[in-house]
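Working notes, beginning with the structure itself.
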Amino acid sequence: QVQLVESGGGLVQAGGSLRLSCAASGRTFSSFAMGWFRQAPGKEREFVATITWSGGTTYYQDSVKGRFTISRDNAKNTVYLQMNTLKPEDTAVYYCAATRAAGWRSSNDADYWGQGTQVTVSS
């Protein structure tokens, strides 16, 4: 089994940056494709970015392309989400997730979820 713990969220002004981290415990971390998802108040959880087990392939929601970067360091059992040029609409609880699948089709593919970390972007 895998446990995921997110950190790095907080309050930031529009245009600022935050770096989220997801620390994983448990074996075979490197065999999981990882992803970041977010959920704004009253909204459904949505895809933000995903990365394959090797770290060689990444996918992004159109609204964050060019601003967010997902990466992983398997040696440290950690996945990151670097968020730049943040906008108020990025405000949400951000969740780290892991899937045994080769890639993500939707958030329903998640085998493990972190507890989430709040990101608030003010104008």
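The values are calculated or read from the model by the stated rules, or taken from the named source; none is laboratory data. Given the structure is predicted, the values throughout are model-derived calculations rather than measurements. Cβ sites come from the backbone with ideal geometry, for glycine too, and all protein chains shown count toward neighbours. These area figures cover heavy atoms from the full protein model, side chains too; ligands, DNA and RNA do not enter into them. Shrake-Rupley method; radii C 1.70, N 1.55, O 1.52, S 1.80 Å.
Taking the Cα-to-Cβ direction at SER31 and at LYS43 and moving 7 Å from each Cα, how far apart do the two end points lie in nm?
Modelled inter-label distance: 3.5 nm.
Apply the Karplus curve 6.51 cos²θ - 1.76 cosθ + 1.60, θ = phi - 60°, to the phi angles in segment 107-123 and return the couplings in whole Hz, x for Gly and Pro.
So the Karplus estimates, Gly and Pro as x, are 5, 5, 6, 5, 9, 9, 10, x, 7, x, 9, 7, 10, 10, 10, 9, 7 Hz.
In the chain, what percent of the accessible surface is made up of carbon and sulfur (1.4 Å probe, ligands and nucleic acids excluded)?
46
Which distance in nm do the two modelled labels at ASN108 and THR85 give, with both placed 7 Å along the Cα-to-Cβ direction?
With each label point 7 Å from Cα toward Cβ, the separation is 3.4 nm.
Using a 10 angstrom cutoff on alpha carbons, build the Gaussian network for the chain and name the most mobile of GLY55, GLY15, GLY26.
GLY26
Please give the residues of segment 81-109, grouped as numeric ranges, whose backbone N is less than 20 Å from a label point set 7 Å along the Cα-to-Cβ vector of GLN3.
Counting backbone N atoms under 20 Å from the label point, the list is 95-100.
Report, in debye and to the nearest 20, how large the dipole of the chain comes out about its Cα centre when Lys and Arg carry +1 and Asp and Glu carry -1 on their Cβ. If you can, show how the numbers build up before the last one.
Numbers: 12 positive and 9 negative charges, 37 e Å.
Dipole about the Cα centre, nearest 20: 180 debye.
Ignoring ligands, DNA and RNA, what accessible area per residue does the chain give at 1.4 Å, in Å²?
Here the residues of the chain average 51 Å² of exposed surface.
Multiply the residue separation of SER17 and SER63 by 0.36 nm, subtract the distance between their alpha-carbon atoms, and state the gained length in nm to one decimal.
So the extension gain works out to 15.0 nm.
Sum up the charges of everything whose Cβ sits under 12 Å from the Cβ of THR91, counting Lys and Arg as +1 and Asp and Glu as -1, but leave THR91 out.
Charge balance in the 12 Å sphere: +1.
Taking amide hydrogens as modeled 1.01 Å from N in the peptide plane, which residues meet the under 5 Å criterion relative to TYR112, leaving out close sequence neighbours?
ALA98
List the GluC sites (Glu not before Pro) within segment 21-116 that DSSP assigns to loop and that have no more than 11 neighbouring Cβ atoms inside 10 Å.
Listed in order of number, the matching sites are GLU44.
How big is D, in µm² s⁻¹, for the chain by Stokes-Einstein at 25 °C and 0.890 mPa s if Rh is the Kirkwood radius over C-alpha pairs? Please list the in-between numbers first.
On the way: Rh = 14.1 Å.
For these conditions, the coefficient is 174 µm²/s.
Loop-only trypsin sites (Lys or Arg not before Pro) in segment 26-58, please: DSSP not H, G, I, E or B, and at most 12 other Cβ atoms within 10 Å.
Within segment 26-58, the qualifying trypsin sites (Lys or Arg not before Pro) (loop, at most 12 other Cβ atoms within 10 Å) are ARG27, LYS43.
Can you give me the long-range amide H partners of GLY55? Hydrogens built in the peptide plane at 1.01 Å from N, cutoff under 5 Å, separation of 5 or more residues or another chain.
none
Whole-Hz ³J(HN,Hα) for each residue in segment 54-65, computed from phi via Karplus 6.51 cos²θ - 1.76 cosθ + 1.60 with θ = phi - 60°, x for glycine and proline: what do you get?
7, x, x, 10, 10, 9, 9, 5, 3, 5, 10, 4
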